[in-house]
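Worksheet: one structure, shown below.
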């Protein structure tokens with residue numbers, strides 16, 4: 001016999017008006033949202049909880065720093081490049097290890113592919129179903145869908161027959177009665193505003209994007225051997241250039257395929273992703289005033305463009321901090337200054353030796369697991385105490401939003417002409433003011449627009465690589481410091497990175513050729529962390545406050561705003577004990 | 001259980017959605033090749049898909065990085081959209097499913113109830129046994145408890161990825177969360193006869209996507225697990241080392257080894273053993289099926305094999321750049 005549908009949970013007595021969303025699906029990892037609402041179903045306080053921990057940084061202690069990239073890569077299999085690049089950069093920074101320009105360019109091409117892939121998959125496969133009612137698409141008129149497609153872009157799949165085919169497929173699927181991943185969606189919820197033909201258009205592109213994404217990711221396979229989890233190496237990149245016809249290395253034929261894949265990325269982004277975002281956004285302009293969050297933004301800057309690869313000015317996206325929405329000032333940022341970036345564990349399931357109320361800089365970071373939450377199965381967490389495996393990072397005491405919106409705002413504030421042009425054009429098309437960027441909709445739009453910027457920039461990256469090759473510059477690796485015997489007894493450094501989800505940094509301390517301390521502060525740590533010692537909310541929590549839920553049983557509004565951040569929870573949860581003391585036994589209160 | 005109208009067969013579904021008969025036969029033939037089955041097996045697969053309804057698949061994630069799900073997204077033949085629309089009903093999968101929170105959990109519970117004894121259970125991520133399950137929860141429930149509940153009604157259990165197979169990275173020393181693999185986490189229930197489904201390990205970090213989908217296709221065709229080795233791995237995919245089919249093997253045989261990344265030897269395609277390649281002791285299909293539609297694998301591009309489908313590969317002495325003895 002099957003078990004009864006659900007075991008009755010133990011834990012705290014039910015409190016009124018607490019909406020729990022757990023699991024938050026269509027994300028990476030284990031995220032739980034508890035939202036308290038008033039009599040009008042308006043969220044008065046939201047609490048964000050990461051509910052899974054692995055302890056990878058404890059595991060890394062004492063290992064070869066050259067292996068770090070493989071361990072940190074497994075923080076997350078979605079942004080599979082980001083934590084690897086941050087790790088090799090941290091080791092290279094600590095050792096003062098120069099790498100060849102080709103290695104910088106190949107890493108750029110792999111990172112850029114990651115951004116384009118990740119953002120498109122996020123939009124169509126993770127986020128779209130918050131805005132697109134898949135069952136409503138069944139009512140669409142394929143001829144009208146074709147007309148809509150033709151009116152927004154030159155994308156070739158635009159005929160009535162094409163959409164009739166997708167519709168038939170969808171109808172066949174629905175008629176089978178097994179809805180699979182689409183079962184139990186909030187279909188028919190009044191917050192879904194798209195007409196049936198726009199829904200059919202989006203469903204078609206959901207399927208097309210599945211096919212497109214497995215194609216374009218081959219850039220990772222060519223340079224890194226596979227995806228997910230391609231190979232990296234401290235000191236450069238592991239691939240070599242070979243004569244045509246070689247069974248190994250990167251051949252001329254492989255490079256032609258890279259050019260073709262870049263073209264496929266650009267075409268899909270320009271003709272499908274950008275026009276779809278604007279078309280869908282035009283039905284949801286009210287989301288341009290909801291879901292702002294903390295109003296502070298951080299970015300480390302990304303895509304070194306050379307010729308001085310270490311010059312922060314020579315990057316596609318600038319670094320800096322914006323406070324309180326003030327676009328007239330970009331504040332400088334130093335990740336090694338102990339007073340700037342600090343992590344609080346006041347509401348997290350960890351202990352600090354100086355007390356849980358004192359935040360620590362990542363170089364001094366320490367963490368000991370201390371689970372004090374309810375024993376599962378539970379119904380509610382005690383959100384006045386500790387309620388998450390995520391810590392709360394702060395910059396000069398302030399919570400910060402990391403991600404595409406932060407990058408775009410900082411570039412916009414810096415006066416970057418391309419970014420200004422893209423943003424202003426999009427706002428004008430939607431008839432929205434600049435202030436609409438500070439919202440759920442703004443976050444979605446910023447992600448789309450930066451994807452275009454990055455995809456377009458790949459042409460230049462590829463051209464630079466081909467230019468080097470034509471001049472006979474084939475070096476991809478520098479072996480000068482690969483042997484740990486050449487290293488100083490002690491070294492430490494930080495690897496900065498912009499991942500698709502935002503500002504990412506790894507702090508490493510190396511002693512006697514081994515990892516003595518490793519600490520990562522990840523974009524989702526910035527965004528999903530709980531309240532700090534001063535009670536200041538993290539970005540998710542601040543963004544949800546004030547949301548009115550049409551139906552608390554179907555919290556679509558919560559999903560919209562949380563998904564607009566593109567959560568990645570496995571990355572966000574990490575622990576390290578830097579002092580070599582034994583990990584304190586994990587105990588349930 | 002209440003009888004319901006028989007759901008359409010896989011073949012019915014494929015034809016209804018426009019796949020030609022020829023395309024269907026090609027698919028069956030491809031699966032036969034992929035699984036290294038005799039040519040006659042194409043008929044078995046074809047026959048099975050003609051007559052069997054789409055099985056329910058429940059995918060639960062415990063200590064995952066989502067790399068295994070991402071890998072599934074990269075499957076070329078069969079494609080993910082082909083699988084989820086045509087061949088099986090993916091009734092629970094965190095990363096892709098529309099429903100969230102209570103509605104998502106209800107979907108899993110309903111699928112378990114409806115297909116009790118018949119569904120395929122896929123697990124990714126390690127299973128932490130510490131802190132009474134509080135180290136990985138979903139919907140307030142411990143991951144291990146969700147696994148143990150779902151396993152009891154499964155017809156087949158597939159542990160995808162090295163984490164679900166053997167504990168993987170969370171189980172690397174000092175294993176702070178007491179992580180283990182699915183088969184081990186189910187030992188007591190299996191010994192007590194409460195879990196009768198066979199467990200298949202499909203290791204790899206992540207596994208080659210076509211290996212995951214190939215195992216499911218085999219089950220669709222034969223209603224049972226493919227032949228397994230002593231580590232519960234399907235023999236068709238894990239019978240050879242990646243070294244056996246590596247294009248650098250001729251150089252290994254001649255004693256020609258790259259001594260540094262991008263040295264002259266590396267550029268000539270010499271063997272990567274001295275740079276730490278673990279291919280000689282790693283059983284997987286990377287060099288045969290290859291990654292991303294045959295585009296490559298790590299030793300093709302230029303990095304040694306990490307050995308990621310082997311139990312305990314994270315703790316191998318000397319790390320990833322030490323030559324194996």
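Values in this text are rule-based calculations from the coordinates and carry no lab data. Small disclaimer: the values here were computed from a predicted structure and weren't measured. All Cβ positions, glycine included, derive from the backbone under ideal geometry; neighbour counts span all protein chains shown.
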How big is the shadow of the Cα convex hull of the range A:466-525, averaged over all directions, in nm²?
6.1
Averaging the inverse of every distinct alpha carbon separation and then flipping it gives the Kirkwood radius. What is it for the range B:242-315, in angstrom units?
12.3
Inter-label distance for residue A:428 and residue A:331, nm, one decimal - labels placed 7 Å from Cα along Cα-to-Cβ
3.3
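Quick one: if the Förster radius is 30 Å, what FRET efficiency do residue A:44 and residue A:357 give, using the C-beta to C-beta distance and rounding to 0.05? Mind showing how you got there, number by number?
Numbers: r = 25 Å, r/R0 = 0.83.
Calculated transfer efficiency: 0.75.
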Could you give log10 I(q)/I(0) at q = 0.16 Å⁻¹ for the range A:229-339, computed by the Debye formula over C-alpha point scatterers of equal weight, without solvent?
-1.13
Estimated FRET transfer efficiency (residue B:316, residue B:264; beta-carbon r; R0 22 Å; 0.05)
0.20
Would you mind ranking A:84, B:56, A:151 by Cβ crowding within 10 Å, fewest neighbours first?
A:151, B:56, A:84
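Any idea what the relative contact order of chain B is, in percent, if you count C-alpha pairs under 8 Å spaced at least 6 apart?
Working: 622 pairs, mean separation 50.0, N = 325.
Over chain B, the number comes to 15 percent.
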Taking each pair of distinct Cα atoms in the protein assembly as shown once, what is the resulting Kirkwood hydrodynamic radius in Å?
27.5
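Work out the P(r) tail for chain B: percent of alpha carbon pairs separated by more than 30 Å, whole number.
Numbers: 19458 of 52650 pairs.
More than 30 Å apart: 37 percent of the Cα pairs in chain B.
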Spin-label point model (7 Å from Cα, Cβ direction): what's the residue A:490 to residue A:372 distance in nm?
3.3
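Provide a whole-number value for the mean count of partner chain Cβ atoms within 10 Å of the Cβ atoms in peptide B:285-298. Present the calculation step by step, with values, prior to reporting the outcome.
Details: counts 0, 2, 0, 0, 0, 3, 11, 13, 5, 2, 12, 14, 4, 9.
Partner Cβ neighbours, averaged per residue: 5.
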Virtual spin-label span in nm between residue A:384 and residue A:211, 7 Å along Cα→Cβ:
5.7
In degrees, nearest 10, range 0 to 90: what is the angle between the Cα axis of helix B:41-51 and the longest Cα principal axis of chain B?
30
Under the definition of partner shielding as Cβ atoms of other protein chains within 10 Å of a residue Cβ, what is the mean value for peptide A:552-563?
2
Can you show me the helix-derived [θ] at 222 nm for chain A, built from DSSP H runs with n ≥ 4 at -39,500 (n - 2.57) apiece and divided by the number of residues, rounded to the nearest 500.
-11000 deg cm²/dmol
Can you sort A:124, B:219 by how many other beta carbons sit within 10 Å, fewest first?
B:219, A:124
Once both axes come from the Cα atoms, what is the angle between helix B:101-114 and the longest principal axis of chain B, in degrees from 0 to 90, rounded to 10?
70
Report relative contact order for chain A in percent, whole number only (criteria: Cα-Cα under 8 Å, sequence separation at least 6).
26
Find the centroid of the Cα atoms in the range A:378-403 and in the range A:204-242, then give the distance between the two in whole Å.
34
Longest principal axis of chain B (C-alpha) makes with the long axis of helix B:21-34 (C-alpha) an angle, in degrees to the nearest 10, of 50
Count the DSSP beta bridges whose two residues both fall in chain B, then state the antiparallel fraction as a percent rounded to the nearest 5.
30
May I ask you to sort A:75, A:123, A:173 by Cβ crowding, counting other Cβ atoms within 10 Å and putting the fewest first?
A:173, A:123, A:75
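Taking 1 over the mean of 1/r across every pair of different Cα atoms in the range B:47-144, what Kirkwood radius in Å do you get? Before the final figure, lay out each step's value.
Numbers: mean 1/r = 0.0683 Å⁻¹.
Kirkwood hydrodynamic radius for the range B:47-144: 14.6 Å.
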Applying 1/(1 + (r/R0)^6) with R0 = 60 Å to the Cβ-Cβ distance of residue B:39 and residue A:435, what FRET efficiency is obtained, to the nearest 0.05?
0.35
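Provide a whole-number value for the mean count of partner chain Cβ atoms within 10 Å of the Cβ atoms in peptide A:71-77.
On the way: counts 4, 0, 4, 13, 2, 5, 12.
The shielding value for this peptide is 6.
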Based on alpha-carbon centroids, what's the gap between the range A:22-51 and the range A:135-157 in Å, whole number please?
35
Compare the peptides A:208-220, A:470-482, B:64-76, A:487-499 by average per-residue count of other Cβ atoms within 10 angstrom and give them in order, highest first.
B:64-76, A:208-220, A:487-499, A:470-482
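Using alpha carbon coordinates only, what is the Rg to Rh ratio of the range B:206-273, with Rh defined as the Kirkwood radius?
We get a ratio of 1.19 for the range B:206-273.
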